[in-house]
Amino acid sequence: MPPHRPAPRSTSPSNLLRSKAPTRRKPAGWALLSQPGPHPYTVKEHMVAQPQSNDQRAVHRGEQSTPRRIVLTGFMGSGKSTTGPLLAARLGWNFIDLDDEIEDQAGCTIAELFARRGEIPFREIERDTIARLAERDALVLALGGGAIEHPETRARLKSGPETLLIHLEVELETTLARCKGTEDMRPILADRANLADRYERRLPLYREAHVSIRVDALTPEQVVDAILRTARSG
């Protein structure tokens, strides 16, 4: 009986494609995010949970791979533009403030863009800019306070692979305290009833994020630490 010989390896196009597929490089900061670490939060799906320690609350969706980009959302005064650069520096990533990106593209301020084109065209520009930036690796992106109201933006950021959407939650009184003196740039601060309505309308949308962290009593550095613990435990 002739000796058994293994069947020749298939050279079908699909096998060739699989064998030659490039390995996707992990972005800088991956090792830091991949390190295991304690997570001091009680975790529940899509709701802000009371922490086991400190004045923080966080929630998380089920299983999630180590993120390649982190997106910060929250009401004005939540610290997105302050925390974002610190977080990016810790990870060795890039930081982009969405409003700054839009202003650079438009060649005018957000207020001027609103005045010239109205809110609906502005929100479309905002949505398209987020869609473009949400494909980048090694990025911390700080959204404008109203960006989360667009359903396409929420769906994209919640379901995007390797995207971690984090809500920095503050009480309305914290917003007023932190933003005091900026009424010229934020006229709505002088209209308390309208501001409260906007806050209440957006809060449940913010809380659809993968994680909500209560940041009223935290320093920016403590917020960064909380985000990193959350990302590692995903």
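Restricting region 61-75 to residues that are of a type outside the set (Lys, Arg) and surrounded by fewer than 22 Cβ atoms within 10 Å (Cβ to Cβ), which is modelled with the lowest pLDDT? Steps first, answer last, please.
Step one: list which residues in region 61-75 are of a type outside the set (Lys, Arg), which gives 62-67, 70-75.
Okay, now just the ones that are also surrounded by fewer than 22 Cβ atoms within 10 Å (Cβ to Cβ), so 62-66.
Details: Gly62: 39, Glu63: 45, Gln64: 49, Ser65: 65, Thr66: 83.
Among those that are of a type outside the set (Lys, Arg) and surrounded by fewer than 22 Cβ atoms within 10 Å (Cβ to Cβ), it is Gly62.
Of all residues in region 112-162 being among the basic types (Lys, Arg) and in contact with a strand residue (DSSP E or B) (Cβ under 7 Å, 6 or more places away or on another chain), which is nearest to Pro204 (Cα to Cα)? Please lay out each step first, then the result.
Filtering region 112-162 down to residues among the basic types (Lys, Arg) leaves 116-117, 123, 127, 132, 136, 154, 156, 158.
Then keep just the ones that are in contact with a strand residue (DSSP E or B) (Cβ under 7 Å, 6 or more places away or on another chain); that gives 136, 158.
Working: Arg136: 27, Lys158: 14 Å.
Result: Lys158.
With respect to the numbered conditions (1) under 19 Å from the mean Cα position of the chain (by Cα); (2) of a type outside the set (A, V, I, L, M); (3) assigned to a loop (DSSP other than H, G, I, E, B), which one is the sole condition not fulfilled by Gly181?
Among (1) under 19 Å from the mean Cα position of the chain (by Cα); (2) of a type outside the set (A, V, I, L, M); (3) assigned to a loop (DSSP other than H, G, I, E, B), Gly181 violates only (1).
Please tell me if Thr230 is under 16 Å from Gly77 (Cβ atoms), of a type in the set (S, T, N, Q) and either in a loop (DSSP other than H, G, I, E, B) or in contact with a Phe, Trp or Tyr (Cβ under 9 Å, 6 or more places away or on another chain) (or both). Can you show your working first?
Working: under 16 Å from Gly77 (Cβ atoms): no; of a type in the set (S, T, N, Q): yes; either in a loop (DSSP other than H, G, I, E, B) or in contact with a Phe, Trp or Tyr (Cβ under 9 Å, 6 or more places away or on another chain) (or both): yes.
Spelling it out, it is not the case that Thr230 is under 16 Å from Gly77 (Cβ atoms), of a type in the set (S, T, N, Q) and either in a loop (DSSP other than H, G, I, E, B) or in contact with a Phe, Trp or Tyr (Cβ under 9 Å, 6 or more places away or on another chain) (or both).
How many residues, within region 145-195, are farther than 30 Å from Arg232 by Cα, among the hydrophobic types (A, V, I, L, M, F, W, C) and exposed (fewer than 12 other Cβ atoms within 10 Å of the Cβ)?
Just the residues of region 145-195 that are farther than 30 Å from Arg232 by Cα, to begin with: 173, 176-177, 179-195.
With among the hydrophobic types (A, V, I, L, M, F, W, C) added as a condition, the list becomes 176-177, 179, 185, 188-190, 193, 195.
Restricting the remaining residues to those that are exposed (fewer than 12 other Cβ atoms within 10 Å of the Cβ) gives 185, 190, 193.
Looking only at that region, the number is 3.
Condition first: β-branched (Val, Ile, Thr) and farther than 16 Å from Ile70 by Cα. Now tell me which residues in region 144-177 satisfy that. Outline the logic, then answer.
Start the filter on region 144-177 by keeping residues that are β-branched (Val, Ile, Thr), which leaves 148, 153, 163, 166, 170, 174-175.
Answer for region 144-177, where residues must be β-branched (Val, Ile, Thr) and farther than 16 Å from Ile70 by Cα: Val170, Thr174, Thr175.
Mind checking whether some residue in region 114-133 is under 22 Å from Ile96 (Cβ atoms), touching a residue at least 40 places away in the same chain (Cβ under 8 Å) and not hydrophobic (A, V, I, L, M, F, W, C)?
no
The values are calculated or read from the model by the stated rules, or taken from the named source; none is laboratory data. Only a predicted model underlies this, so the values are computations on that prediction, with no experimental measurement involved. Heads up, the Cβs are rebuilt from the backbone with ideal geometry, glycines too, and the neighbour counts pull from every protein chain shown.
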